[in-house]
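Data first, discussion second: the structure below is written as structure tokens.
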Amino acid sequence: MGDLSPDEFRAAAHAAVDWIAEYLEDSQQYPVRSRVQPGDIRAALPPSPPDRPEPLEAMLRDFHGTIMPGITHWNHPAFFAYFANSGAYPGILGELLAAGLNANGMLWVTSPAVTELEQVTLDWLRQLMGLGEGWFGEITDTASVSTFYALAAARERAGFDVRTRGMAARADLPRLRVYCSEHAHSSIDKAVIALGLGHENLVKVRTDEQYRLRPDALAAAIAADVAAGFKPIAVVPCVGTTSITSIDPVPEVVRIAREHGCWVHVDAAYAGVAAIVPELRYLLDGVDGADSLVVNPHKWLFTPMDCSVLYTRDPQSLKQAFALLPEYLVTRTQDETVNLMDYGIQLGRRFRSLKLWMVLRAFGREGIAERIRHHCELAREFAGMVHFEGGWELTAPVTLSLVCFRRVQPGADETAIAAHNAAIMERVNARGQVYLSHTKLEGRYTLRLAIGNIRTDREHIELAWRELREAAALLERVA
């Protein structure tokens with residue numbers, strides 16, 4: 001009865017840690033993108049659970065033989081798709097320790113260190129990014145949830161008592177409107193849907209030639225809605241849009257939003273941590289005038305999934321949107337401490353701050369800045385390769401560590417260009433040396449190479465460029 005023996009755990013855990021170290025040292029032995037077909041992994045697993053106990057060694061064997069073929073390796077230095085991320089050694093160690101403790105930080109009293117380390121660690125991160133005093137921070141799992149929370153607080157502060165009375169069948173409730181760039185992340189769409197605001201009440205504002213939200217278009221959209229009897233409640237500018245990492249003009253957005261009493265939530269999930277680099281501190285200009293901000297350490301701060309940070313200057317509105325205190329959660333310290341359960345829908349809360357705290361300590365301000373700066377330099381180098389090679393073009397400015405580009409054959413129309421670039425990407429990804437993703441910019445099919453893995457270096461972008469050129473040449477020879 002009871003758990004397995006400590007000796008069994010030690011043997012298996014030592015083997016697992018040794019394997020992780022070897023894996024991260026030589027992850028390039030694996031194809032970056034999994035090559036399995038839909039249903040392969042499920043078919044390789046027993047359809048029913050075991051009746052008899054099985055040894056940990058057998059599970060580790062099946063992990064290597066059955067699970068690993070179905071893994072796309074986000075920790076691979078040639079993973080360039082979406083927004084590349086990585087779990088660094090100190091963060092992995094923090095994750096292991098957190099799992100061992102299995103603490104639940106729902107209340108301060110249920111593990112004081114979970115609450116207080118989270119507050120300290122997020123204040124460190126605030127200082128590293130150059131933000132001013134007065135920000136309250138909490139860790140969520142993803143930017144999607146952080147944005148949902150921020151817009152819930154915005155809806156609450158708008159003053160229609162939606163928390164108590166709901167939104168249905170209310171003649172006194174005008175249509176509530178939220179505004180963002182036409183290049184904003186889909187998490188904003190999902191948030192307005194989940195909050196009952198209605199997808200058609202998310203207004204996508206036009207952008208300029210560098211894909212930045214246009215302040216004049218925002219002002220016009222809000223003015224038109226006010227004239228129509230709608231109620232603007234929030235604006236979501238982006239610092240690093242998903243497709244192209246464009247930077248919306250946050251100071252102008254804040255000024256316009258304030259004229260109409262709108263909450264301003266800054267989506268800096270990818271690019272926010274780049275402000276740790278002194279010469280990139282300007283990225284967060286104007287953010288101190290906003291109401292909330294999201295940054296994702298699990299993207300470009302080398303912290304294992306999942307770790308998103310929501311900051312707000314109005315924690316009371318956030319608390320008002322979610323706080324609920326049943327008798328079984330009443331404690332004698334509840335009026336003296338922060339209880340993180342009050343600031344979101346989750347009751348149970350993992351000890352996520354431990355891994356972020358260990359990453360910040362292991363690399364320090366200078367080490368983090370050096371790594372982010374290097375990634376931006378690699379992106380500029382790759383952009384130079386594209387720019388000076390005939391038949392290829394950059395499709396967006398290179399702002400940070402993302403390069404948007406494509407192959408263009410003389411005389412080809414957009415349909416042919418899109419098909420050709422999709423075929424290039426599929427061939428490159430199928431070979432398994434590197435992994436890319438794509439987007440569309442004003443209808444133009446565009447390849448994306450995103451650099452963010454702590455182990456990515458020059459050799460990996462050179463490999464990506466060779467793979468792309470060889471794939472294009474092969475496809476054009478057989479066409």
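So here's what we get for this one:
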quantity	calculated
Per DSSP, loop trypsin sites (Lys or Arg not before Pro) in segment 121-180 with at most 16 further Cβ within 10 Å	170, 175
Between segment 268-282 and segment 70-125, the alpha-carbon center distance in angstrom	20
Segment 70-173: C-alpha gyration tensor shape, a/c 1.5 cut-off, then a/b vs b/c	prolate
Per-residue Cβ neighbour rank within 10 angstrom, fewest leading, 34, 401, 48, 187	48, 34, 187, 401
The chain, helix-only ellipticity at 222 nm - DSSP H runs n ≥ 4, -39,500 (n - 2.57), divided by all residues, nearest 500	-13000 deg cm²/dmol
Whether segment 104-350 is rounded, prolate or oblate, judged on the alpha carbon gyration tensor where a/c under 1.5 counts as rounded	oblate
Semi-axis lengths, Å, segment 351-422, gyration tensor of Cα atoms, sqrt of 5 times eigenvalues	38, 15, 7
Backbone HN-Hα couplings from phi across segment 26-38 [Karplus 6.51/-1.76/1.60, Hz, Gly and Pro as x]	9, 5, 6, 6, 9, x, 4, 8, 4, 9, 6, 9, x
Share antiparallel - DSSP beta bridges, the chain, percent rounded to 5	60
Residues whose placed amide H lies under 5 Å from that of residue 88, excluding near-sequence neighbours	303
Within segment 1-135: Cβ-based charge dipole about Cα centre, in debye rounded to nearest 20 (Lys, Arg +1; Asp, Glu -1)	500
Summed residue charge, Cβ within 15 Å of residue 444's Cβ, Lys/Arg positive, Asp/Glu negative	-2
Selection from 77, 343, 474 lying farthest towards where the dipole of the chain points positive, charges on Cβ	474
Given (i) 4, 16, 24, 23, 17, 11, 5, 1, 0; (ii) 4, 18, 26, 26, 18, 7, 1, 0; (iii) 4, 20, 30, 27, 13, 4, 2, 0, the label whose value is P(r) over Cα pairs in 10 Å bins from 0, in percent derived from this model	(ii)
Over segment 144-263: Kirkwood hydrodynamic radius from C-alpha pairwise inverse distances, Å	14.5
Exposure proxy ranking, count of Cβ atoms within 10 Å, fewest first, for 149, 311, 445	445, 149, 311
Pairs of lysines in segment 104-350 (C-alpha under 24 Å apart; 8 or more residues apart or interchain)	6
Residue order, fewest to most surrounding Cβ atoms within 10 angstrom, among 36, 114, 309	36, 114, 309
Antiparallel bridges, percent of DSSP beta bridges restricted to segment 104-350 (to nearest 5)	40
Overall form of segment 1-127 per C-alpha gyration tensor (a/c, 1.5; a/b vs b/c)	oblate
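Read the figures in this text as sums done on the coordinates, not as results from a lab. This is a predicted model, so every value here is computed, not measured. As a convention, Cβ positions derive from the backbone with ideal geometry for all residues, glycine included, and neighbour counts pool all protein chains shown.
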